[in-house]
Amino acid sequence: MLADKNPQKTSLAELGEFGLINHITQYFKVEHSSTVKAVGDDAAVLEASEKQTLITTDLLVEGVHFDLSYMPLKHLGYKAVMVNLSDVYAMNGTAEQITVSIAVSNRFPLEAIEELYAGIQLACDTYKVDLVGGDTTSSTKGILISVTAIGKANAADIVYRNGAKETDLIVVSGDLGAAYLGLQVLEREKQVFKVDPNNQPDLDNYTYLIERQLKPEARKDISGLLKELGVKPTSMIDISDGLSSELFHICTQSKVGCKIYEDKLPLDPQVISTCEEFELDSTMVALSGGEDYELLFTVPIADFENIKGNPNFSIIGHITAENQGLQLVTRANQEIELKAQGWNSMQED
């Protein structure tokens, strides 16, 4: 059966703002008893509790944070939620609700917005969070998405960036650099497509990298794993802007230095092989790539036995005195100053 070359496209103007909101939110379920009223009134109603409330928000702008030439709208919706949930998990909390606001130009039909919200709904279902509100409006250019996540945590469980102490171990979950390389692969294929639109890319060797870029997963599991091990981090942050930038945040706010070891950085085999292909330094990619959405945290050295050998974690260094600065120990055992070269959302083109 031949595909319809002219699929039906429904103008957003046909529905209007409230019709659009009703249409795209009708299938969202409520998971949490703390959600008294979700979408459909002037404001959401959330049940107060003895726990402390965590709130985080991010704005994603077309042409700055994503490129729709290779980012499917469903993946974009999913990723927009992950970006925020990751921040809640980085505080050692549990995410419960989100709000989603979008601004779209008239080049997007209803069917495109349905795809976007299918990704948002998949994220909500997978991570058990409730959509409780948001806004829709028009944009003169492209699409903007703003997601706010609301979470809860016991006051004693919350982990901040400013608690790292000298001799603490520096630990990272998962592996680093894959999302950045996934972006490089997609950008390369975009340029090839511009030259030859009939070219069909062979992406079999980059599946992990592309998934890490287009459909990242927030590390909801880490808090539970650490509790099972009897470990509470002294500081924690998610790796959105790059490992080196996040280390600077922790060290600056904790008033400490650090020493990390090049040979301890966790790299997936696809990262290593693709770095060789692109003639990129894998250490630079791990330090500055960003968008890994893994968790970087510090733990007391007394917890070494609990952490070591766990397949979810890599011990990559330790905290030092503030006057020792931030140092990278190379494979040749040379110490070089660590520089924050990760993503800067305010940098100029």
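Data overview
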read-out: Odd one out for Asp238, checked against (1) touching a Lys or Arg at 6+ places or on another chain (Cβ under 7 Å); (2) more than 26 Å from Asn333 (Cα to Cα); (3) not basic (Lys, Arg); value: (1)
read-out: Filter result (part of a loop (DSSP other than H, G, I, E, B), free of Cβ contacts under 8 Å to residues at least 24 places away in the same chain and open to solvent by less than 60 Å² (accessible area, probe 1.4 Å)) within the stretch 191-245; value: Asn199, Leu203
read-out: Complete set of residues in the stretch 85-113 that are in contact with a strand residue (DSSP E or B) (Cβ under 9 Å, 6 or more places away or on another chain) and aliphatic (A, V, I, L, M); value: Leu85, Val88, Ala90, Met91, Ala95, Ile98, Val100, Ile102, Ala103, Val104, Ala112, Ile113
read-out: Residue within the stretch 30-44 that is open to solvent by 10 Å² or more (accessible area, probe 1.4 Å), at pLDDT below 95 and basic (Lys, Arg) present; value: yes
read-out: Sole exception among (1) surrounded by 23 or more Cβ atoms within 10 Å (Cβ to Cβ); (2) under 24 Å from Val64 (Cα atoms) for Ala164, by number; value: (2)
read-out: Residues that are closer than 19 Å to Val30 by Cα, open to solvent by 20 Å² or more (accessible area, probe 1.4 Å) and among the acidic types (Asp, Glu), drawn from the stretch 115-135; value: Asp125, Asp135
read-out: Residue check, Thr283 in contact with an Asp or Glu (Cβ under 9 Å, 6 or more places away or on another chain), of a type in the set (Val, Ile, Thr) and crowded, with 22+ Cβ neighbours inside 10 Å; value: no
read-out: Long-range neighbours under 7 Å by Cβ, at least six apart or interchain, first residue touching a residue at least 12 places away in the same chain (Cβ under 8 Å) within the stretch 153-168, second in a loop (DSSP other than H, G, I, E, B) and open to solvent by 70 Å² or more (accessible area, probe 1.4 Å); value: Ala153/Lys51; Asn154/Lys51
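The values are calculated or read from the model by the stated rules, or taken from the named source; none is laboratory data. Everything numeric in this text was worked out from a predicted model, so none of it was measured. Reconstructed Cβ throughout: ideal geometry from the backbone, glycine too, with neighbour counts over all protein chains shown. Please note that ligands, DNA and RNA were not included when accessible areas were found on the heavy atoms of the full protein model with its side chains. Shrake-Rupley method; radii C 1.70, N 1.55, O 1.52, S 1.80 Å.
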